Amino acid sequence: MDALSTTFAALADPTRRAILARLARGPVHVGALVEPFPISGPAISRHLRVLQQAGLIERETNAQWRICRLHGPGLRSAHDWFEPYRMFWEESLERLAELLEAPAVPSDTASSKHRAAIPAKSPQRRRSRPS
């Protein structure tokens, strides 16, 4: 599996995304990462291993503490992949804002144009149901 696929596979899990959100506030020891989750310490360790293998976090041992922190280069690859799509959505939202901020067409003119564009309803025939 290529590095970008590994990154997105790691990000696919909500627990791992929550761990990353916590680490975005700063480094923390593994014990503090376990506390908010209703899963075991070994399960959190497996999530941390996946995040580390994807290059999203770093782990170090400092005396008896195992400290985790975000790893920028791993996150950069996902960011770089999303960048063209972000630009697309920003341009689309800017066009929408321009449309919404454009001067309104007077309602009587808009109504007559709208009515002219809608064909008159024709009577519909009822179909008999087969027995």
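The values are calculated or read from the model by the stated rules, or taken from the named source; none is laboratory data. As the structure is a computational prediction, the values presented were derived from the model and not from experiment. Please note: Cβ atoms are built from the backbone with ideal geometry, for glycine as well, and neighbour counts cover all protein chains shown.
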### Conditions (1) loosely packed, with under 10 Cβ neighbours inside 10 Å; (2) at pLDDT 85 or above; (3) not charged (D, E, K, R): number failed by Ala63
(2)
### Only listed residue being part of a helix (DSSP H, G or I), within 16 Å of the chain's Cα centre (by Cα) and among the β-branched types (Val, Ile, Thr), chosen from Ile44, Ile19
Ile19
## Note on the structure
Subset of the stretch 1-51, residues of a type in the set (Asp, Glu) and either farther than 18 Å from Ile67 by Cα or modelled with pLDDT of 90 or more (or both), comes to Asp2, Asp13
### Summary
Per the list (1) modelled with pLDDT under 70; (2) assigned to a helix (DSSP H, G or I); (3) not hydrophobic (A, V, I, L, M, F, W, C), residue check on Pro119 breaks on (2)
## Note on the structure
A careful count of residues in the stretch 1-30 that are within 18 Å of Glu60 (Cβ to Cβ), without any contact (Cβ under 8 Å) to a residue 24 or more places away in the chain and surrounded by 12 or more Cβ atoms within 10 Å (Cβ to Cβ) gives 1
### Residue list for the stretch 47-60, restricted to those being over 22 Å from the mean Cα position of the chain (by Cα) and surrounded by 11 or more Cβ atoms within 10 Å (Cβ to Cβ)
Arg49, Glu58, Arg59
### Message
When you scan the stretch 69-90, do you find a residue that is in contact with a helix residue (DSSP H, G or I) (Cβ under 7 Å, 6 or more places away or on another chain), surrounded by 10 or more Cβ atoms within 10 Å (Cβ to Cβ), at pLDDT 90 or above and not in a loop (DSSP other than H, G, I, E, B), even just one?
### Response
yes
